[in-house]
Protein chains: 2
Amino acid sequence: MATSNTDTSNARKKEVKKETRLGLTYKKDKDFGEWYSEVCVAGEMIEYYDISGCYILRPWTMAIWETLQAFFDAEIKKMNVKNVYFPLFVTENVLQKEKDHIEGFAPEVAWVTKSGQSEMEIPIAIRPTSETVMYPYYSKWIRGHRDLPLKLNQWCNVVRWEFSHPTPFIRSREFLWQEGHTAFATQDEADQEVLEILELYRRIYEEFLAIPVIKGKKSELEKFAGGFYTTSVEAFIPNTGRGIQGATSHCLGQNFAKMFEINFENEKGEKAMVWQNSWAYSTRTIGVMVMVHGDDKGLVLPPKVASVQVIVIPVPYKDADTQAIFDACRSTVDTLCKAGFRAEVDLRDNYSPGWKYSHWEMKGVPLRIEIGPKDLANKQVRVVCRDNGAKMDIPMHSLVEQVKEILSNIQESLFNAAKQKREACVKVINTWDEFIAALNNKKLILAPWCDEEDVEKDVKARTKGEHGAAKTLCTPFDQPRLPEGTLCFASGKPAKKWTYWGRSY
Amino acid sequence: MATSNTDTSNARKKEVKKETRLGLTYKKDKDFGEWYSEVCVAGEMIEYYDISGCYILRPWTMAIWETLQAFFDAEIKKMNVKNVYFPLFVTENVLQKEKDHIEGFAPEVAWVTKSGQSEMEIPIAIRPTSETVMYPYYSKWIRGHRDLPLKLNQWCNVVRWEFSHPTPFIRSREFLWQEGHTAFATQDEADQEVLEILELYRRIYEEFLAIPVIKGKKSELEKFAGGFYTTSVEAFIPNTGRGIQGATSHCLGQNFAKMFEINFENEKGEKAMVWQNSWAYSTRTIGVMVMVHGDDKGLVLPPKVASVQVIVIPVPYKDADTQAIFDACRSTVDTLCKAGFRAEVDLRDNYSPGWKYSHWEMKGVPLRIEIGPKDLANKQVRVVCRDNGAKMDIPMHSLVEQVKEILSNIQESLFNAAKQKREACVKVINTWDEFIAALNNKKLILAPWCDEEDVEKDVKARTKGEHGAAKTLCTPFDQPRLPEGTLCFASGKPAKKWTYWGRSY
């Protein structure tokens, strides 16, 4: 049932442990699922909530979300997208207007049936996404070609009452996202915007979260319910050998326009139907970041999104001038903050330096600065990188420029390391046997495919098992050469394209 | 029932009219309620939605909301408040933990009882506010005095399924707000923060929305359900003679701490209970702005929050050089935007200048710039102020400095005009007869009061009628002198303080 508490009690157990000593119980390579839950909680990103599948996003998470939001919001405003806010609720009648769409979402819809003590006459749905909430009004607002393009976006919560295994960030019953909904006079304009938005999603993953993604098109089976075609950025989690859909930019074509009668008079005075897109990314982005970069010491945050980029820790010794060390720590933080870095000092007197090292490593702060008597004497600080443990002494006079360079290097090397790991998982195959072998080896499989829906269904059916079925992840825009006569790995028919396959989240 | 459509069809009728000619059907002074609904829709702030009491916040609204949000969010971050996101849902069990609190909210709670086709075992409530959602976790996170203060805030939607007359922004079943929830070791710290936040709310109203507000304390009857004391900023709508609670900053005392067991070990090693505050402002702020400043031509937006501060309109004549006029308009907008103003040009060729004047007046843009052949020849522009219709010719070379001054004057004079109107409504009374006369005259009544809960209940009962009962709005912090021997206007007992009374939203 909805309120089963297995996640919670699990998390509670860990929480108690955390208070007695620092460090993770689980290893990333050995018990990935348990490690992930533990690091989300111990790194103070998430708190488990007493309704299963709902999570508390703690300040450490929200700061990252706000950074991504500030970037994306500014970019879409440049594209002249305007923010709106549509209601959380939608009537059954409207929700069901696009048949394929509702079939895709119906099993997950949460229904409000009661207010106070009164039963409602008609149950009201909580939005799982807002196509059907918004488009009746698009029909009203759009009359002539001068009303186009109409480009709206909202930042909001949505609810999908899923029953499969809930996972913080990755699969939760309520999550935060942005959803863009745009309407154009022509398909060309719609097509172009789909890719512009997809590029912003790539930048969120690659430039901010330091996670390599593959841009491509979803198969017919995997595309958005009711849409025309779906593009996505796909990430990969080497530890589990699973792909993960990072964000999607859909061209809805004219399907919704037909159902919701979104027509306009074009420049020639003729009645025409709009072309629509919708596109979204969610707090799932943050879960992918935790999965990709985290290690057995805890979170590893890319400097660009970390709410604390540098943590300064005093290392006083028995006979040392503690006050002078504390002062040096404070002035180091001041210098860094003034230079635009997000730096903090941990002056708590009830924890040892060693405990603090572990604590901030758990929280994934990219760079630690230690200041002890020797550093003070030598007018230097000791810096330690979270990602690879590298240590360096930096003269105080070049603090700002060196910290800048180190943080920039960390950002880059996180991305490179993640890319290298992912590349090592890619397996190009040609036959069914190779496919199965690669699947069992947790590979990201690139295979020649005939692009037939029934064949994908067949692959799904044949690979069903305790780890879940294999499916297409995407057909990458960046296509390797497909030699003439290449056959589909699954059907033996002529292959039309290279497509990524694998298990997925 | 929930989905009755009277609001919507009403709004639809107006929408059709709007397309044939501009201008409002209703007058602010004559039919205030109808005028308000009409101006919200025609000014493109709101669209009525097909679920009664839910409204679509259009881009014109969201831009204002984002400006207020940017201000407040930056200010509370300076106070070291961190943003979080707690779930939308809460179990019945937790919701009911604080008895007075739940009594205040129970009739308005929306319940989710079904997901997909399945009945849930336990119905789940949608947050009407998040005290009970959050505080079980405060109990978990707060252990020692070093965990205090804990200062969290979230930007989110909440749902209160009210059945009284829904009104855009002012009384809606879902609305956007921020809710801050803080915990302190001492009452002193809590008391101090209550006022710091209240001052930010005053600034939102007075500095941004140009609306005068009164800071004060709510009566026992009107305070937050389950709280210790409530402070608020109160605005007043002269047309209806109603007070309107602008935002509230509550000290919760230790009531919730007791129920949710939020204890900590203090510096002496003793067990103690935290002191808590909660504080919120919502999209209601924007409704108050519409009510206070709007006129019979439409919205009037204060420059500080208007998403378009200056609209530039070309005024071509038959024989004039249209291209040169258009170019001058574009370069005027460029100059203003580069100087940091939010300026736009309306170059649409299918509307006359006169239509455009009315259109942008309806949308409340503070300043209009007209450029015609004569202006071009004289190297000047014609500016027209939205608030008072004042017209001026400005030489192009002093454009930026003069626009800056004019916008600043508009901001100030909107506030002064609103303050003057409000002051004209204040009526100081001493007796019950004066009270009733003032109430019938739609006054904001300042009366000496004995501060007894039963007396307020009695006043409510005695003034019940079609316009709603009178109640206390607040006891202003700024107290006039209370001469010894002054008696309560309602009970005849010795008065303890001056308190504002009136009908309210």
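Structure values in brief
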{"item": "1.4 Å probe, heavy atoms, protein only - residues of the stretch B:136-171 losing at least 30 Å² accessible area vs chain alone", "result": "B:Tyr137, B:Lys140, B:Trp141, B:Arg143, B:Arg146, B:Asn157, B:Trp161"}
{"item": "Angstrom value of the Kirkwood radius, inverse mean 1/r, which spans all Cα pairs in the stretch B:47-91", "result": "13.4 Å"}
{"item": "Sulfur and carbon atoms: percent of accessible area, chain B [1.4 Å]", "result": "48 percent"}
{"item": "Only Lys, Arg (+1) and Asp, Glu (-1) charged, at Cβ; the protein assembly as shown dipole about Cα centre in debye", "result": "280 debye"}
{"item": "Inter-copy separations for B:Gly468, label at 7 Å along Cα-Cβ, nm, ascending", "result": "5.1"}
{"item": "Length-normalised contact order for chain B - Cα pairs under 8 Å, 6+ apart - percent", "result": "14 percent"}
{"item": "Centroid-to-centroid separation of the stretch B:454-483 and the stretch A:396-433 [C-alpha atoms, Å]", "result": "66 Å"}
{"item": "Surface accessible to a 1.4 Å probe, per residue, for the residues of chain A, Å²", "result": "40 Å²"}
{"item": "Among B:Val345, B:Trp65, B:Tyr317 the positive-end extreme of the charge dipole of chain B (Cβ point charges)", "result": "B:Tyr317"}
{"item": "Spherically averaged projected area in nm², based on the convex hull that wraps the Cα atoms of the stretch A:52-163", "result": "10.0 nm²"}
{"item": "Members of B:Lys304/B:Lys427; A:Lys297/A:Lys419; B:Lys217/B:Lys421; B:Lys442/B:Lys471; A:Lys356/A:Lys421; A:Lys217/A:Lys457 lying beyond 25 Å, as alpha-carbon distances in this model show", "result": "B:Lys304/B:Lys427; A:Lys356/A:Lys421"}
{"item": "Scattering profile of the stretch B:394-436 at q = 0.24, 0.27 Å⁻¹ [log10 I(q)/I(0), Debye over alpha-carbon scatterers]", "result": "-0.81, -0.87"}
{"item": "Copy-to-copy label separations for A:Gly23, where each label sits 7 Å from Cα toward Cβ, in nm and ascending", "result": "8.1"}
{"item": "Rg to Rh, two decimals, where the stretch A:152-294 supplies the alpha carbon set and Rh follows Kirkwood", "result": "1.02"}
{"item": "Under 5 Å, built H, 5+ apart or other chain: amide partners of B:Phe236", "result": "B:Ile244"}
{"item": "Check: the stretch B:273-419 dipole with +1 on Lys, Arg Cβ and -1 on Asp, Glu Cβ, in debye", "result": "300 debye"}
{"item": "Solvent-accessible ranking of A:Lys471, B:Lys493, largest area first, probe 1.4 Å", "result": "B:Lys493, A:Lys471"}
{"item": "Heavy-atom SASA rank of B:His165, B:His145, B:His359 (probe 1.4 Å, accessible area, largest first)", "result": "B:His165, B:His145, B:His359"}
{"item": "Size of the protein assembly as shown as Cα extents on the principal axes (Å, biggest first)", "result": "92, 82, 64"}
{"item": "Heavy atoms of A:Leu24: accessible area, 1.4 Å probe, square angstrom to 10", "result": "20 Å²"}
{"item": "At most 10 other Cβ within 10 Å, DSSP loop - trypsin sites (Lys or Arg not before Pro), the stretch B:287-379", "result": "B:Lys318, B:Lys379"}
{"item": "Spacing of the two label points (7 Å from each Cα toward its C-beta) at A:Glu162 and B:Arg146, in nm", "result": "3.8 nm"}
{"item": "Distance between the stretch A:151-169 and the stretch B:285-306 - C-alpha centres, whole angstrom", "result": "35 Å"}
{"item": "Distances in nm from B:Arg171 to the matching label points in the other copies, shortest first (labels 7 Å along Cα to Cβ)", "result": "4.5"}
{"item": "For the stretch B:359-368, 3J(HN,Hα) per residue [Karplus equation, 6.51 cos²θ - 1.76 cosθ + 1.60, θ = phi - 60°, Hz, x = Gly/Pro]", "result": "4, 7, 5, 4, 7, x, 4, x, 9, 10"}
{"item": "For chain B, alpha-carbon Rg over 2.2 N^0.38 Å", "result": "1.09"}
{"item": "Trypsin sites (Lys or Arg not before Pro) restricted to the stretch A:111-197 and DSSP loop, no more than 16 other C-beta within 10 Å", "result": "A:Arg143"}
{"item": "Cα centre as origin, Lys/Arg/Asp/Glu Cβ charges: the stretch B:412-505 dipole, Debye", "result": "280 debye"}
{"item": "Under 30 Å, Cα to Cα: Lys pairs in the stretch A:58-180, sequence gap 8 or more or different chains", "result": "15"}
{"item": "Total accessible surface hidden between B and A, rounded to 100 Å², 1.4 Å probe", "result": "5600 Å²"}
{"item": "Using alpha carbons only: equivalent-ellipsoid semi-axes of the stretch B:324-475, gyration tensor based, whole Å", "result": "51, 16, 13"}
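The values are calculated or read from the model by the stated rules, or taken from the named source; none is laboratory data. The structure displayed is predicted, hence computed values, not measured ones. Cβ sites come from the backbone with ideal geometry, for glycine too, and all protein chains shown count toward neighbours. Surface areas here come from the heavy atoms of the whole protein model, side chains and all, with no ligands, DNA or RNA. Shrake-Rupley method; radii C 1.70, N 1.55, O 1.52, S 1.80 Å.
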